[in-house]
Amino acid sequence: MSQSVHIHDVPETFKKRALIGSHRYDEMYARSLKDPTGFWGEHGMRIDWIKPFTRVKDTSFAPGAVSIAWFQDGTTNVSLNCIDRHLAERGDKVAILWEGDDPKDSRRITYRELHAEVCRFANVLKAQGVAKGDRVTIYMPMIPEAAFAMLACARIGAMHSVVFGGFSPDALAGRITGCDSRVVVTADEALRGGRIVPLKKNVDAAIEKAGTVERVVVVKRTGADVAMVAGRDAYYHDLAAEVGADCPAEEMEAEAPLFILYTSGSTGQPKGVLHTTAGYLVYAAMTHQYVFDLHDDDVYWCTADVGWVTGHSYIVYGPLANGATTLMFEGVPNYPSVSRLWEVVDKHKVTILYTAPTAIRALMGAGDEPVRRTSRASLRLLGSVGEPINPEAWEWYHRVVGEGRCPIVDTWWQTETGGILISPLPGATRLKPGSATRPFFGVRPEIVDAEAKVLEGACEGNLVIADSWPGQMRTVYGDHKRFEETYFSAYPGKYFTGDGCRRDADGYHWITGRVDDVINVSGHRMGTAEVESALVAHDTVSEAAVVGYPHDVKGQGIYAYVTLMAGVEPTEGLRKQLVAHVRQEIGPIASPDVIQFAPGLPKTRSGKIMRRILRKIAENELGALGDTSTLADPSVVDDLVANRR
Ligand code: PRX
């Protein structure tokens with residue numbers, strides 16, 4: 001295998017200028033493992049402290065006693081670090097460069113303007129009764145006000161919970177009640193790819209189910225005439241006119257919660273991943289600087305949505321903590337044309353582009369010409385995140401988009417990890433297309449087999465992390481037991497990632513995908529259990545089982561096996577209804593690609609669904625179904641195979 005891998009050397013330009021070269025990586029990495037306290041004690045100083053820390057690392061992965069604290073006796077404030085401390089030297093530097101859905105719309109917000117905007121937003125929240133420790137749900141388009149709202153929460157010590165604007169009212173309601181939010185920040189409507197998303201209307205529908213909300217702050221985006229509930233809803237611009245543009249930042253303990261972000265797991269409802277203040281910020285800022293080899297004149301663009309962790313760490317917190325110019329894009333890659341990303345690169349002279357394999361594959365499908373007709377001369381570094389990138393897509397991204405000149409950092413991480421854990425450093429790492437390569441400083445990946453044995457050398461198994469890093473999630477909001485069970489029970493004493501991984505003879509990591517019941521659709525993480533529970537909530541459905549299958553553009557598609565109630569006809573019309581029903585319950589990203597009506601599902605005699613078999617059928621690997629003799633009724637498999645879609 002390794003012979004066929006096309007290795008890309010570190011370009012000369014990076015060797016000369018990069019922040020971290022290969023010797024320095026080796027040295028720093030070795031030290032970070034040998035002396036974590038000394039190492040992180042130094043790097044903890046990259047942020048400004050109100051009261052400096054004296055303790056560095058207080059972490060334990062011990063069964064039944066998992067607890068994680070970094071820099072815990074220090075105090076600081078995230079918004080001071082992302083804004084105020086830059087004012088003296090970078091007040092007039094552009095902090096947020098906004099590109100609207102319509103190519104004619106853009107805004108430049110300097111650090112000084114960001115300060116005023118965030119202070120004002122913070123004062124508006126305070127006037128709505130938001131105080132330290134409260135939870136604010138943010139359901140917004142990709143407009144600068146989304147970042148202002150996040151930073152405003154950080155400034156006054158409230159936790160934000162950003163909910164992706166593509167989630168349905170039902171999904172939003174669950175996330176509002178999950179953390180008892182009294183205040184929701186939203187916009188009248190979102191605009192994506194020329195299409196309207198009725199955010200405020202969705203919030204109204206969500207609040208009908210979630211009884212906790214007392215105040216809704218509505219930012220005007222399209223200016224549409226939306227319904228406003230007297231006494232509950234108010235327009236941001238009206239509220240902002242009544243408050244001042246100065247707001248002192250709260251002094252926060254290092255371990256004070258910063259935000260909650262809901263993410264899907266293999267069982268039950270999405271869980272609220274909790275990140276805290278100082279460790280998260282140190283880690284987001286440091287990975288952002290080193291992985292993207294950030295220099296002061298860079299124009300950095302991450303195409304994620306702020307509704308996902310990538311948007312939190314690598315659009316807002318990491319870049320702003322580093323005083324960078326971060327581009328925020330409201331639109332989609334194929335509107336108004338499939339050249340849009342490259343046109344934006346040229347318009348704003350983007351130097352670093354960080355996007356997802358699904359976008360790369362979709363654009364690759366449109367051919368080289370829409371790329372070639374743009375310049376892209378400003379680009380010097382490319383990044384990939386969210387799912388494994390296949391070598392073909394990697395090579396196309398490298399050769400066509402980057403004209404062979406830009407290294408690609410394939411960054412592996414998770415909502416739970418807060419920041420990048422495995423990735424090349426562009427000045428230090430030779431690249432192998434499809435490999436996330438080597439661990440970041442302080443990260444101890446191990447590959448284990450099913451018996452928890454740590455495998456050495458070239459091997460393949462499950463990926464665990466043997467010790468804590470500052471960006472790690474601290475708990476599941478309100479449910480520490482679930483945190484321990486989900487991440488620390490499979491391999492006691494270690495953090496289990498849920499991913500499979502191969503390590504080659506050079507110590508490079510190749511992520512093979514999830515080994516649990518989580519699927520990754522277009523880089524969006526989805527629990528099969530959530531889609532199943534949406535399906536069985538429909539009157540006609542008696543049982544459902546959902547698995548992922550390989551999809552050319554999305555990475556994985558959603559394949560649903562559905563058993564109908566007795567007497568219900570399996571029609572095309574019903575199939576459409578069920579897809580629409582899932583969209584309504586969760587959102588368009590959860591729409592099943594395939595629904596197969598199945599009179600029976602393969603179950604063991606104790607009634608457990610054999611997902612392995614369902615996965616193989618969905619993958620069309622019919623020769624690899626394995627032993628079906630232990631099934632309660634082996635004949636159901638024949639029916640499933642015969643009616644495969
Ligand atoms: O399976 C891995 C995949 O995405 C999962 C994490 O999803 P989420 O929490 O939504 O965060 C996505 C953005 C960090 C992982 O468990 N994943 C993420 N990045 C990569 C990846 N798989 C392979 N290569 C990557 N670079």
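Every number in this text was worked out from the coordinates using simple rules, so none of it is lab data. Note that this is a predicted model, so its numbers are computed, not measured. Heads up, the Cβs are rebuilt from the backbone with ideal geometry, glycines too, and the neighbour counts pull from every protein chain shown.
Both numbers refer to the Cα atoms of the chain; Rg and Dmax are 24.2, 74 Å.
Nothing charged except the Cβ atoms of Lys and Arg (+1) and of Asp and Glu (-1): what's the magnitude of the dipole of the chain about its Cα centre? Round to the nearest 20 debye. List each step's numbers first, then the result.
On the way: 70 positive and 81 negative charges, 108 e Å.
Dipole of the chain, to the nearest 20 debye: 520 debye.
Among rounded, prolate and oblate, which fits region 428-490 when a ≥ b ≥ c are the square roots of the eigenvalues of its C-alpha gyration tensor, a/c under 1.5 means rounded, and a/b larger than b/c means prolate? Oblate, because a/c is 1.5 or more while a/b does not exceed b/c.
Relative protection proxy for 512-519, 141-148, from highest mean packing down: 141-148, 512-519 (other beta-carbon atoms within 10 angstrom).
Nearest 5 percent is fine: what portion of the DSSP beta bridges confined to the chain is antiparallel?
So the antiparallel bridges in the chain amount to around 60 percent.
Taking the DSSP bridge list for region 245-384 and keeping only pairs wholly inside it, about 40 percent are antiparallel. At 37 °C and 0.692 mPa s, grab the translational diffusion coefficient of region 547-586 from Stokes-Einstein with a Kirkwood Rh over Cα pairs, rounded to a whole number in µm² per second. Taking Rh from Cα pairs, D becomes 277 µm²/s. Positive end of the dipole of the chain (Cβ unit charges, origin at the Cα centre): among Ala362, Leu382, Pro270, the Cα lying farthest that way belongs to Leu382.
Can you tell me the length gained on complete extension of the stretch Asp552 to Ser60, counting 0.36 nm per residue apart and subtracting the Cα distance? Can you show the working numbers first?
Details: separation 492, 0.36 × 492 = 177.12 nm, distance 4.13 nm.
Between Asp552 and Ser60, full extension yields 173.0 nm more.
About its Cα centre, the dipole of region 522-643 is roughly 340 debye, where the only charges are +1 on Lys and Arg Cβ and -1 on Asp and Glu Cβ. Each part reduced to its alpha carbon centroid, region 89-154 and region 310-363 end up 18 Å apart. Averaged over residues, the count of other Cβ atoms within 10 Å places the peptides 174-185, 480-491 in the sequence 174-185, 480-491, highest first. Peptides 554-564, 318-328, 278-288, 572-582, ordered by how many other C-beta atoms sit within 10 Å of their residues on average, highest first, read 278-288, 318-328, 554-564, 572-582. Only Cα pairs under 8 Å and 6+ residues apart enter the sum, and on that basis the relative contact order of the chain stands at 13 percent. For the chain, Cys82, Cys153, Cys179, Cys302, Cys406, Cys459, Cys501 have no disulfide-compatible partner, since no other Cys C-beta lies under 4.7 Å from theirs.
Within region 522-643, the ratio Rg/Rh, alpha carbon atoms throughout and Rh by Kirkwood, equals 0.95.
Remark: spin-label model distance Ala224-Ala377 equals 4.2 nm, labels positioned 7 Å along the Cα→Cβ axis.
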